[in-house]
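The structure appears right after this line, and notes come after that.
The values are calculated or read from the model by the stated rules, or taken from the named source; none is laboratory data. Note that the structure is a prediction, hence the values are computed from the model and not measured. Here Cβ is always computed from backbone atoms with ideal geometry, including for glycine, and neighbour counts include all displayed protein chains. Surface accessibility is based on the protein's heavy atoms, side chains included, excluding ligands, DNA and RNA. Shrake-Rupley method; radii C 1.70, N 1.55, O 1.52, S 1.80 Å.
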Amino acid sequence: MELDEITISRAILSSQMEKLLEFMEMDVAVVGGGPSGLTAAALIGEQGFRVGLIEKKLSVGGGMWGGGMMFPRIVVQEEAKRLLDQFDIAHTSYTEGYYVASSVEAVSKLTASACDAGVEFFNLFSVEDVMIRGDTRLSGLVVNWTPVEMAGLHVDPLTMGCRVAVDATGHDAVLARLVERKGGDVKVRGEGFMWADCAESEIVSHTTEVFPGLVVCGMAANAVAGEHRMGPVFGGMLLSGERAAALATSSLRQENSAA
Ligand code: 48F
């Protein structure tokens with residue numbers, strides 16, 4: 001078979017354009033492909049909703065990929081071990097209640113689960129704003145290419161509609177801060193010092209719908225709540241992603257029944 005470069009280019013452009021158009025109206029947009037976002041996306045996707053994961057970097061994984069200070073290992077505590085099992089992430093017991101896994105395997109398995117659940121990935125897309133009409137409910141995202149942002153080019157963004165957005169942007173809590181800055185009823189307190197025990201035990205309760213149609217999870221949830229940070233222990237991220245998935249789907253169902 002003789003390969004034709006134009007056919008290769010057409011295949012890429014037409015299939016991606018089809019996906020982009022299909023995802024102009026999503027059920028859930030998960031913003032950020034770190035551990036909490038990947039977990040949330042996989043679990044929402046499994047329920048048959050149309051989920052797009054928008055990641056500003058080239059690769060997903062966020063702060064999980066690099067493990068602890070570039071040693072590609074993560075620690076997960078007892079409470080979240082069941083999620084390691086659920087996503088088939090191999091782990092060894094270090095000492096009672098502490099499990100160690102490869103950060104590369106963890107990101108890969110979470111990503112593969114999200115792919116299997118039908119989640120569509122939009123990498124190198126940076127969310128720069130949100131759409132809210134009349135202070136009622138978040139209805140979409142304003143996105144641009146990350147390279148446009150990096151180069152400081154004056155290029156107008158495009159928009160993607162979603163019924164629920166999950167802010168999984170990590171320490172920056174980008175979506176929550178945007179809503180706060182533009183006068184929405186959200187207060188971002190900013191994260192506190194390193195204190196793993198507090199940070200991990202409170203993260204699930206901080207994972208909430210902070211504004212109609214906007215769920216915060218992972219470090220973004222702790223940043224909104226003024227909670228501590230935790231370093232390379234990741235159980236809370238998985239549990240927070242799981243909680244965000246439950247909140248996002250219940251918000252969708254409420255919206256359905258109100259319609
Ligand atoms: O930071 P990140 O891994 O978030 P997380 O799921 O997990 C936090 C942990 O990795 C770690 C920790 C746990 O011990 O404290 O830091 O809460 O992933 C956040 C992702 O969001 C992307 C970013 O590139 C990263 O991959 N992101 C951030 N801002 C934007 C964005 C944006 N404006 N648009 C799209 N993606």
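Among strands (runs of 3 or more DSSP E) entirely within the range 95-139, having at least 3 residues that are touching a residue at least 60 places away in the same chain (Cβ under 8 Å) singles out 120-123, 125-133. The residues on offer are Val164, Val188, Val179, and the sole one that is open to solvent by less than 20 Å² (accessible area, probe 1.4 Å), more than 8 Å from the ligand (Cβ to nearest atom), over 30 Å from Arg73 (Cβ atoms) and in a loop (DSSP other than H, G, I, E, B) is Val188.
Does Leu158 fit the bill of being farther than 24 Å from Gly183 by Cα, open to solvent by 70 Å² or more (accessible area, probe 1.4 Å) and not basic (Lys, Arg)? It is false that Leu158 is farther than 24 Å from Gly183 by Cα, open to solvent by 70 Å² or more (accessible area, probe 1.4 Å) and not basic (Lys, Arg). The condition (being near the ligand (Cβ under 10 Å from one of its atoms) and touching a residue at least 40 places away in the same chain (Cβ under 8 Å)) is satisfied by just one residue among Gly61, Gly45: Gly61.
Please work out if Gly134 is open to solvent by less than 50 Å² (accessible area, probe 1.4 Å) and of a type outside the set (A, V, I, L, M). Here the answer is no, as Gly134 does not meet what is asked.
The number of residues in the range 1-50 that are over 21 Å from the mean Cα position of the chain (by Cα) and β-branched (Val, Ile, Thr) comes to 4.
Based on what the data block shows, is Thr146 modelled with pLDDT of 95 or more and surrounded by fewer than 16 Cβ atoms within 10 Å (Cβ to Cβ)? When the stated conditions are applied, Thr146 does not pass them. Taking the criterion of being surrounded by fewer than 14 Cβ atoms within 10 Å (Cβ to Cβ), away from the ligand (no atom under 14 Å from the Cβ) and either in contact (Cβ under 8 Å) with a residue 24 or more places away in the chain or under 16 Å from Ser251 (Cα atoms) (or both), the only residue of the range 191-226 that qualifies is Gly226. Restrict the check to the range 87-106 and report whether at least one residue is of a type in the set (D, E, K, R), touching a helix residue (DSSP H, G or I) at 6+ places or on another chain (Cβ under 9 Å) and more than 19 Å from Gly236 (Cβ to Cβ). Looking for residues that are of a type in the set (D, E, K, R), touching a helix residue (DSSP H, G or I) at 6+ places or on another chain (Cβ under 9 Å) and more than 19 Å from Gly236 (Cβ to Cβ), one finds at least one in the range 87-106, hence yes.
Evaluation of Ser139 against the conditions (1) out of contact with any Phe, Trp or Tyr (no Cβ under 9 Å at 6 or more places or on another chain); (2) on the phi < 0 side of the Ramachandran plot; (3) near the ligand (Cβ under 10 Å from one of its atoms) shows that the sole unmet condition is (3).
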